[in-house]
Amino acid sequence: MASRPLLTIVLAAGKGTRMKSAVPKVLHRVGGLSLLGHALRATGSLGAGAVAVVIGPDMEAVRSEALALAPGTGIFVQDQQLGTAHAVLAARAAIAGHSGDVLVVFADTPLIAPGTLRSLVDRLDAETPLAVLGFEAADPTGYGRLLCDAAGGISAIREHKDATEAERALTFCCSGVMAFRREEMLDMLGEIGTGNVQGEYYLTDAVAVARSKGFRVAAQACAEEEVLGINSRNQLAMAEAVFQRRFRDRVMAEGATLVAPETVWFSHDTLVGRDVTIEPNVFFGPGVIVEDEVRIHANCHLEGAHVRRGAAVGPFARLRPGADLGTGVRIGNFVEVKNVTLEAGAKANHLAYLGDGRVGAGANVGAGTIFCNYDGFLKHRTEVGPGAFIGSNSALVAPVSIGPGAYVGSGSVVTRNVPADALALERSELTIREGWAAKFRAMMQRRKSMKSS
Ligand code: UD1
Ligand code: MG
């Protein structure tokens, strides 16, 4: 069936008190992306035009997040939390102005696949103005139960608190995600009352209303894991675990080797190429691109970095935002890189801080080199030309540039620009006293024996 225009309503007005947090629940993160972001991402990738987010009063941070992630989003404030049907009606203006289908999702359910939402919406037709996403619950306590009818549809949803013992024994449960045809939707919602144990307007009562009008209601099943709702920090960690497992599986399916997949942590936006090998205990913060044939050795932390083809990182390296590693670059143990471009084949193999600058192709940055980029007030750049060699334990005091092919002698503090192919050496003269050590030892030995006798 050709799909009709879709309006998605994301319910996010709940306070989320069980998170015990000053941060609204839907701004907590899974894989580095807010729960709201996951909901918007799942719905956005349906090719849907319109999105409306329903927030509570005093949730300006949620408004900003929604607008930052999906600029065209309509934001509606539900002043009092009187139930899920009431929340949907807070977006009445969006519904009234829409023609097509309307999908309602919860902002605290981050693991739903876009395909699952699509197949739910596809269940709608002229006789079926409502479709509900259900799942078989391992433990159905607390969920609404889907009451099935003989025709393979559902006749009602019974909230746990309102259910009889027999109904509570049912395990096919409501995920909360529902799809409506716009034509019948506002009439149906208008008939929902508060005649239930909690005195709330239940969106789930739309099922009984639809049936009373002679319509069918379809139930679409999905895996329980997809509709895991986040109410506590514990469930947040469970969702993170599922997210990470799926992400690792995908990265491996796309041609990367994870030596110990369960120890690698990805961000929602990590891009990993083919024939990449990632050793154990690697953490990806947001914004990392890893191109083909890269090796990330054990125990690295990467964020906002671009690692180009054939480069090698770590073990124990830290790449911070703006680290741009060219092809074949090598960053070794205990090297931190921030906002520095390393051109093809450049190396910093041991114990260094490279901040704010550029290292030219094939340059070698020795052990213990520091780019002194910060004077306590401002940041400055360090330029290392192609083929330059920075001797160990050098401090390059920015702003400074080392010309192409130049040498910096070990232990130098470089405060002026070094021309191409020059040597910069900042070092007091070395003194050598022949035989001094032997004399010193003999003298100390005598002193010690005089003391102890
Ligand atoms: C809901 C469903 C239940 C389903 C369960 C799945 C109803 C009546 N029940 O119950 O059948 O099994 O989800 O997790 O829908 N919200 C608002 N404003 C409100 C109330 C809620 O925006 O006035 C938002 C919440 O922020 C949340 C979502 O709606 O994102 C669900 O609300 P919640 O109170 O968690 O519903 P449940 O009781 O879990
Ligand atoms: Mg809930």
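Simple spin-label model, 7 Å along Cα-to-Cβ: ALA420 to ASP187 in nm?
The two pseudo-label positions are separated by 8.1 nm.
Would you mind working out the accessible area per residue for the chain, using a 1.4 Å probe, and quoting it in Å²?
46
Spelling out what I want: for every residue of segment 356-368, take phi, set θ = phi - 60°, compute 6.51 cos²θ - 1.76 cosθ + 1.60 (Karplus), and round to whole Hz; glycine and proline get x.
So the J values, rounded to whole Hz, are 6, x, 8, 10, x, 4, x, 5, 10, 9, x, 4, x.
Keeping the other protein chains in place, figure out the carbon and sulfur percent of the accessible area of the chain, with a 1.4 Å probe.
The computed percentage sits at 54.
So how strong a dipole does segment 349-447 carry about its Cα centre when Lys and Arg Cβ are +1 and Asp and Glu Cβ are -1, to the nearest 20 debye?
620
Just the accessible area for ASP292, please: 1.4 Å probe, Å², rounded to the nearest 10?
50
If you average the sequence gap of Cα pairs under 8 Å that are 6 or more apart and divide by the length of the chain, what percent do you get for the contact order?
So the answer I get is 8 percent.
Rolling a 1.4 angstrom probe over the protein chains, ignoring ligands and nucleic acids, what is the accessible area of LEU325 in square angstrom, nearest 10?
0
Report the Stokes-Einstein translational diffusion coefficient (µm² s⁻¹, integer) for segment 349-447, Rh taken as the Kirkwood radius over Cα pairs, at 25 °C with viscosity 0.890 mPa s.
Approximately 166 µm²/s, per Stokes-Einstein.
At each listed q (0.17, 0.18 Å⁻¹), what is the log10 of I(q)/I(0) that the Debye formula gives for segment 6-227 modelled as equal alpha-carbon point scatterers?
Here log10 of I(q) over I(0) equals -1.27, -1.44.
Looking at segment 162-291 from every direction and averaging, what is the projected area of its Cα convex hull in nm²?
On the way: hull surface 48.6 nm².
If I average the Cα hull's projected area over directions, I get 12.1 nm².
So what is the calculated 222 nm ellipticity per residue for the chain, using -39500 (n - 2.57) for each DSSP H run with n of 4 or more, over all residues, to the nearest 500 deg cm²/dmol?
That comes out to -6000 deg cm²/dmol.
Sorted by accessible area (1.4 Å probe), largest first, how do ARG145, ARG4, ARG245 line up? Display every interim value, and only then the final one.
Values: ARG145 5, ARG4 70, ARG245 100 Å².
Heavy-atom accessible area, descending, gives ARG245, ARG4, ARG145.
First select every other residue whose beta carbon is under 12 angstrom from the beta carbon of LYS439; then total the charges, Lys and Arg +1, Asp and Glu -1.
Charge balance near LYS439 sits at +2.
How many percent of the alpha carbon pairs in the chain exceed a separation of 35 Å?
Result: 49 percent of Cα pairs exceed 35 Å.
Using the structure shown, select from LYS25/LYS161; LYS25/LYS213; LYS347/LYS379; LYS161/LYS213; LYS25/LYS379 the pairs with a Cα to Cα distance greater than 30 angstrom.
LYS25/LYS213; LYS25/LYS379, as the Cα separations exceed 30 Å there.
Decide, for segment 253-338, between rounded, prolate and oblate: order the square roots of the alpha carbon gyration tensor eigenvalues as a ≥ b ≥ c, take rounded if a/c falls under 1.5, and otherwise choose prolate if a/b is larger than b/c, else oblate.
It comes out rounded by the Cα gyration axes.
HN-Hα J couplings of segment 70-80 from phi, Karplus 6.51/-1.76/1.60, θ = phi - 60°, integer Hz, Gly and Pro as x?
These are the phi-based 3J(HN,Hα) values: 9, x, x, 5, x, 10, 10, 9, 9, 5, 10 Hz.
Using modelled backbone amide H atoms (1.01 Å from N, in-plane), which distant-in-sequence or interchain residues come within less than 5 Å of VAL384's amide H?
Residues meeting the criterion, in which the H sits 1.01 Å from N, are ARG358, VAL359, GLY360, ILE402.
Can you give the FRET efficiency to the nearest 0.05 for SER212 and LYS15, using r as the Cβ-Cβ distance and R₀ = 30 Å?
According to the calculation, E is roughly 0.35.
For the chain, what is the charge dipole size about the Cα centre, in debye to the nearest 20, if Lys and Arg each add +1 at the Cβ and Asp and Glu each add -1 at the Cβ?
2440
The values are calculated or read from the model by the stated rules, or taken from the named source; none is laboratory data. Bear in mind the structure is a predicted one, so any value in this text is a computation, not a measurement. For neighbour counting, all protein chains shown are included, and Cβ atoms are generated from backbone atoms with ideal geometry for every residue, glycine included. Note: areas computed on protein heavy atoms with side chains; ligands, DNA, RNA excluded. Shrake-Rupley method; radii C 1.70, N 1.55, O 1.52, S 1.80 Å.
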